[in-house]
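J.: Take a look at this one; I'll ask things after.
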Amino acid sequence: MRNSSQPLIVITGASSGIGLATARLFSSHGHPLLLLARRLEKMQALDLPQTLALSVDVTDRATLAAAVQEGEKRFGPADAIVNNAGVMLLGEITRQDPDQWDRMLDVNVKGVLNGVHAVAAGMVGRKRGSIINISSVAGRKTFANHVAYVGSKFAVHGLSENLREELSAHNVRVTTIAPGAVETELLGHTTDADIKTGYEAWKAGMGGKVLSAEDVARAVHYAYSQPDGVCVREIVLAATRQQA
Ligand code: NDP
């Protein structure tokens, strides 16, 4: 049952950074929300109206699909999913633990596909919907110590464009958002201290003016809020002072 004149938006990785800022922004526009990430308390602490937060690991396809069903039962069909959950584990390729490659590919690529799986058939049936995938500038070009991360984000760009072509005939929009450096928790999961220090120095070189999570959330909302007949295929945004 729908409780709002605005339709349901599903956001993965809503417990911090870009996902959290996107949740706040869409909520301020009156949307009911289904928020998904592993840390439930962070999403509950947002205390947003008409919001169901569920602890979901996006690599768990069945649990993600069941969560979307639960959200749709409460708020009506999902009009958009923002596949945002991601991890960035930077590493020098000869030294990096391959388990970190697995994690990035599982979360960043299969997690996005699992999100697509949870909503695509319903959107095709309704002839309406938006799938917004968060990739990266690292989905368009390479960076030092980014081999597996770049691989995962090139995959997001590739699968998103292919998906857009396949769903266009069904009036379902697919958008890729590709941010440059954003101030979030993302770098914190990289385990190599030297690489982390180098990355922080790179950001400092931009005068400390990298993007905020809110900057990216506005791009997501811009793409979503276009008229139904307009599909924003890709948005690439980065700090003005980001050269690469
Ligand atoms: P954060 O680390 O702040 O947020 C990542 C989010 O993903 C968290 O909510 C986390 O929640 C969630 N997440 C991670 N693993 C899983 C999982 N297995 N299942 C469910 N949720 C998961 O980083 P950002 O906000 O920066 O990252 C969001 C997206 O933006 C990512 O896809 C990232 O690659 C992309 N991006 C970020 C850039 C940056 O510079 N920050 C630049 C370009 C792209 P929890 O831990 O609670 O599960």
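The values are calculated or read from the model by the stated rules, or taken from the named source; none is laboratory data. All figures in this text were calculated on a predicted structure; none of them were measured in a lab. Cβ coordinates were reconstructed from backbone atoms using ideal geometry, including for glycine residues, and neighbour counts include every protein chain displayed. When the accessible area is computed, the model is the full protein with side chains, heavy atoms only, and any ligands, DNA or RNA have been set aside. Shrake-Rupley method; radii C 1.70, N 1.55, O 1.52, S 1.80 Å.
J.: Find which of GLN50, SER136, LEU36 sits farthest along the positive direction of the dipole of region 1-146, computed with +1 on the beta-carbon of Lys and Arg, -1 on that of Asp and Glu, about the Cα centre.
T.: Farthest along the dipole direction, towards plus: GLN50.
J.: Using label points projected 7 Å from each Cα along Cα→Cβ, tell me how many nm separate HIS29 and GLN226, to one decimal.
T.: 1.3
J.: Ok, one more. In the chain, what % of DSSP beta bridges are antiparallel (nearest 5)?
T.: Rounded to the nearest five, the antiparallel share is 0 percent.
J.: Could I ask something else about it? Kindly provide the trypsin sites (Lys or Arg not before Pro) of region 84-180 that DSSP labels as loop, not H, G, I, E or B, and whose Cβ sees at most 10 other Cβ atoms within 10 Å.
T.: ARG95
J.: Still on this structure, I have one more. Which residue, GLY125, GLY19, GLY30, tops the fluctuation ranking in a GNM of the chain built on C-alpha contacts under 10 Å?
T.: Residue with maximal mean-square fluctuation among GLY125, GLY19, GLY30: GLY125.
J.: Under a plain spin-label model, where a point goes 7 Å from the Cα along Cα-to-Cβ, how far apart in nm are LEU40 and GLN243?
T.: Taking the two extended label points, one gets 4.8 nm.
J.: Related question: Can you tell me the relative contact order of the chain? Whole percent, Cα pairs under 8 Å, sequence separation 6 or more.
T.: 20
J.: Can you tally the net charge around THR175? Count Lys and Arg as +1, Asp and Glu as -1, for every other residue whose Cβ sits under 14 Å from the Cβ of THR175.
T.: Charge balance near THR175 sits at -1.
J.: Could you state, as a whole-number percent, how many of the C-alpha pairs of region 109-244 are farther apart than 17 Å?
T.: Taking all Cα-Cα pairs of region 109-244, the fraction more than 17 Å apart is 63 percent.
J.: Here's a follow-up. Mind giving me the FRET efficiency for TRP202 and ARG233? R0 is 41 Å, r the Cβ-Cβ distance, nearest 0.05 is fine.
T.: 0.90
J.: Given a Förster radius of 45 Å and the C-beta distance between GLU165 and ILE93 as r, what FRET efficiency does 1/(1 + (r/R0)^6) yield to the nearest 0.05?
T.: Calculated transfer efficiency: 0.90.
J.: Moving on. So what are the radius of gyration and Dmax for the Cα set of the chain, in Å?
T.: Rg and Dmax of the chain, Cα atoms, are 17.2, 53 Å.
J.: Could you tell me what a quarter of the Cα convex hull surface of region 28-106 works out to, in nm² with one decimal place?
T.: For region 28-106, the mean projected area of the Cα convex hull comes to 6.4 nm².
J.: OK, next. Straight-line reach from LYS42: which aspartates and glutamates have Cα under 16 Å away, leaving out those fewer than 8 places along the same chain?
T.: Partners within reach: ASP57, GLU185.
J.: Of all the accessible heavy-atom surface of the chain, with the other protein chains kept in place and a 1.4 Å probe, what percent is carbon and sulfur?
T.: Percent of accessible area from carbon and sulfur atoms in the chain: 51.
J.: Would you look at the GNM of the chain, springs on alpha carbons closer than 10 Å, and say which of GLU72, GLU92, GLU161 moves the most?
T.: In the Gaussian network model the winner is GLU92.
J.: Separate question: About the Cα centre of region 1-125, what is the dipole size in debye to 20, counting +1 per Lys and Arg Cβ and -1 per Asp and Glu Cβ, all else neutral?
T.: That gives a dipole near 300 debye.
J.: Relative to the Cα centre, what is the charge dipole magnitude of region 8-237, using +1 at the beta carbon of each Lys and Arg, -1 at the beta carbon of each Asp and Glu, and rounding to the nearest 20 debye?
T.: Dipole of region 8-237, to the nearest 20 debye: 520 debye.
J.: Under 17 Å from the Cα of LYS110, which lysines turn up, not counting those fewer than eight places away in the same chain?
T.: Here the lysines satisfying the reach criterion relative to LYS110 are LYS153.
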